[in-house]
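To start, the structure under review is shown below, and the notes come after it.
Derivation of every value follows stated rules applied to the coordinates shown; laboratory data play no part. What you are looking at is a predicted structure, and each value in this text was computed from that prediction instead of being measured. So basically every Cβ, Gly included, is an ideal-geometry build from the backbone, and we count neighbours across all protein chains shown.
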Amino acid sequence: MVLKSRNAQRFAIVGGHVLTKTGFTRADILVEKDMIAGIGNCKGVKDKINAASCLVVPGLTNMHAHMGETIFRGTFEFSNLQEYIDKTEKTNLKMHDKSKALREISSSETIIEFLRSGITTVWAGRCDQACEVAGIRSFSGYMLMQSEKLQKYVNNFEVEFREFTTKIGATVLSNPFLFLHSLTYATKEIIGIAKMVIKEKHFPLMIHVAETIEEEKMIRKKTGRTSVRLLDENGLITGSTILVHCCNVTDSDIDIIKKRNATVVLCPTSNIRLKNNIPPFDKILKKGINVCVGTDGLATTTSKNIIDECLFLKDEFKTIKNFDWMTLITTNPAKALKINTGTLCKGYAADISVFEMKSQNNIQKIKNIDVMSILSMLKVKDVICAGNPLILDGKMTTMDEKKVESEFASLNRVIKDLWI
């Protein structure tokens with residue numbers, strides 16, 4: 001019997017080539033509730049997902065995304081990060097009466113694109129409600145940024161923060177974190193709030209760090225310190241800190257990151273699009289720092305998906321040998337987030353993506369080193385998150401894809417017309 005309902009409590013993914021630590025092996029995966037109950041032969045299981053001629057991999061994690069910004073994709077020209085931020089701010093002010101619709105439609109379209117690329121976990125600001133409806137895991141950020149659009153989260157911190165944590169507490173798959181945008185958009189008040197939340201609430205922190213050379217020059221001129229050192233002196237770099245971009249970090253900065261056991265997230269194609277430096281991935285990796293990859297906002301990236309981000313790094317850093325590039329979007333994020341995903345093994349969360357091959361013969365040619373390249377050319381057939389199928393045989397089970405795409409295209413056109 002082929003699985004048709006997304007509410008099955010026990011089912012098997014059968015006949016697939018399952019990615020293990022040593023490469024692909026032919027096996028079935030037994031799913032019970034939200035966990036992987038076993039890997040082997042599941043002939044006696046009633047409900048099944050047919051994965052014959054398919055590659056079965058852990059659900060992928062996007063460690064940094066701006067889901068509310070996808071709606072800006074292709075609507076205006078920009079040459080650097082500051083120009084992009086300025087134009088999004090102006091657009092948000094012009095469309096203030098549609099701000100809720102902007103975020104909801106943008107987030108829904110983003111989730112569809114993530115699912116279509118095999119992503120089951122995302123780390124983004126204010127994403128919990130949209131992700132919960134779609135059925136994917138999320139780490140949703142409370143936003144701290146000196147911005148007219150987001151000022152209420154600073155001015156009314158106690159009320160807004162309580163409401164934020166209450167909403168997330170009512171979800172099943174979402175967890176909270178603190179999203180301090182960057183030192184460029186941080187006041188003393190914002191830094192003070194961040195220090196308090198980390199110390200008293202023990203929240204993980206994500207912050208854009210050393211993204212542009214202009215930002216670093218400004219921070220050094222004002223404080224005599226690099227961004228990383230300034231954050232460290234304020235107690236904001238810990239084992240639960242996620243440092244995004246790090247395009248202009250120094251060797252001393254890397255030493256601090258390693259000492260504090262923080263995680264680094266790279267978004268390379270967005271960095272290139274925004275005319276920033278490529279992060280020193282080789283140096284960061286050599287230090288033994290936990291490194292992950294994110295897409296950044298889909299309005300600024302040039303890649304099609306999270307896998308292409310990894311392939312960009314692989315091509316840029318050809319001297320790096322014998323490295324498992326899949327770890328950047330599977331086990332490394334799981335380590336940073338302290339969750340049991342990223343591995344297809346009994347006792348781990350049932351977050352699984354199935355990529356369809358055209359021919360059984362192609363599978364015989366696959367070597368572990370080619371996994372990323374192969375996956376980038378395949379379509380996602382099935383996606384399971386926490387034991388719930390979100391895509392079955394190519395069809396969404398939790399979202400009306402055509403409706404979302406139509407609403408997205410319409411609103412995207414409205415924004416584009418503002419800038420003509």
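Apply the Debye scattering formula to the chain, with a single equal point scatterer on each alpha-carbon and no solvent, then give log10 I(q)/I(0) at q = 0.10 Å⁻¹.
Result of the Debye calculation: -0.68.
What's the angle, to the nearest 10 degrees (0 to 90), between helix 306-316's Cα axis and the longest principal axis of the chain?
With rounding to tens, the tilt is 70 degrees.
After finding the eigenvalues of the alpha carbon gyration tensor for the range 1-158, what semi-axes result from the square roots of 5 times each, listed largest first in whole Å?
Gyration-tensor ellipsoid for the range 1-158: 41, 17, 14 Å.
So how tilted is helix 213-223 from the main axis of the chain? Cα-based, degrees 0 to 90, rounded to 10.
Approximately 50 degrees, to the nearest ten.
How do 89, 158 line up, fewest other C-beta atoms within 10 Å first?
158, 89
Can you give me the long-range amide H partners of residue 16? Hydrogens built in the peptide plane at 1.01 Å from N, cutoff under 5 Å, separation of 5 or more residues or another chain.
27, 51
For 326, 35, 63, what's the fewest-to-most ordering of other Cβ within 10 Å of each Cβ?
35, 326, 63
Could I have the simple spin-label model distance between residue 195 and residue 221, label points 7 Å from Cα toward Cβ, reported in nm to one decimal?
Using points 7 Å along Cα→Cβ, the separation is 2.5 nm.
So, with +1 on the Cβ of K and R and -1 on the Cβ of D and E, and no other charges, what is the size of the charge dipole of the chain about its Cα centre, to the nearest 20 debye?
800 debye
Distance check, please: which entries in 33/195; 87/338; 21/304; 94/217; 43/379; 33/338 exceed 28 angstrom between their Cα atoms?
33/195; 87/338; 94/217
Could you check which residue among 105, 237, 256 shows the biggest mean-square fluctuation in a GNM of the chain with a 10 Å Cα cutoff?
Per the Cα network of the chain with a 10 Å cutoff, 256 tops the list.
GNM on the chain, C-alpha springs below 10 Å: top fluctuator among 23, 15, 68?
23
Taking Cα atoms, how many degrees apart are the long axis of helix 251-260 and the longest axis of the chain, rounded to 10 and kept between 0 and 90?
Its long axis makes an angle of about 60 degrees.
Which order do 419, 325 fall in if you start with the one that has the fewest other Cβ atoms within 10 Å?
Lowest to highest Cβ neighbour count: 419, 325.
Place +1 on the Cβ of every Lys and Arg and -1 on the Cβ of every Asp and Glu in the chain, take the dipole about the Cα centre, and give the residue among 143, 334, 415 whose Cα lies farthest towards its positive end.
Looking along the dipole axis, the top candidate is 334.
Tally the DSSP beta bridges in the chain and give the antiparallel ones as a percent, rounded to 5.
Among the beta bridges of the chain, antiparallel pairing accounts for roughly 45 percent.
If r is the Cβ-Cβ distance from residue 32 to residue 170 and R0 is 22 Å, what FRET efficiency results, to the nearest 0.05?
0.30
Subtract the Cα-Cα distance of residue 100 and residue 419 from 0.36 nm times their separation in residues, and report this length gain in nm to one decimal.
Gain in length upon complete extension: 112.8 nm.
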